[in-house]
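Structure record follows, encoded as structure tokens.
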Amino acid sequence: MRWRRFAHRLPLTGVAVAGAVVGHMVAYVLAVPSPTVRVALLGATGHAYWTQAIAAASVLGLASLAATLRRRFRAGLLSGPPQPGEHLGRLAVQLAGFQVAIYLVQEALERLEAGIPAHALLDGRLLVIGVAVQSAIALALAVLLAAAGRVAEAAGRALRPRPRRAEPAGRPRAGRVVAWPSWLLAAGRGSRAPPRSLVTP
């Protein structure tokens, strides 16, 4: 049971990591609008790994999205009523919590790597802007995941094989019934013409 819960949370964690990286970039763009100053700040605050982080977050985010779509599509294939998806508000809160925590840990480790005291993060506006951006991106990702999950489940229901209807036992089969053979005898004697064959409904 614990393993199933952990596996169920893995796609959410992957999306949160991708969202945290995107929010990290957006926060720096908003806090430091000048490209020249921003590049210098990133170089001085331990962001040498940033290219690899973007690539890893992109792969992880896409894989997590694919896993979510696959799970909801398989749920749509199952018989029964539609499965209730994750509550949008709860999903947004979980993503925001993950992303803000990742952002704060990232910023603290980056400054420690660059030899800057971690408490220096509290002096600038990057902290406030970063938390606000991470929360907004978490809400957008929650809406995207919920909508994509509903579409995937609807596609699964549309492709669900329809059960075959079993015919009741003893039901007479429609066919052609041969007329009574008495007309053959009557026709031989020339008394009357043979009637038409009867067909059951």
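Derivation of every value follows stated rules applied to the coordinates shown; laboratory data play no part. Everything quoted here is computed from the prediction, not taken from an experiment. Note that each Cβ is placed from the backbone with ideal geometry, even for glycine, and that neighbours are counted across all protein chains shown.
So the values come out like this:
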item: Order by protection proxy (mean Cβ within 10 Å, highest first), peptides 16-26, 65-75, 130-140; result: 16-26, 130-140, 65-75
item: Burial ranking of peptide ranges 101-108, 44-51 (average Cβ count within 10 Å, highest at the top); result: 101-108, 44-51
item: Under 15 Å, Cβ to Cβ, from Ala27 - net charge with Lys/Arg +1 and Asp/Glu -1; result: +1
item: Around Gly46: net Lys/Arg minus Asp/Glu count, Cβ-Cβ under 11 Å; result: -2
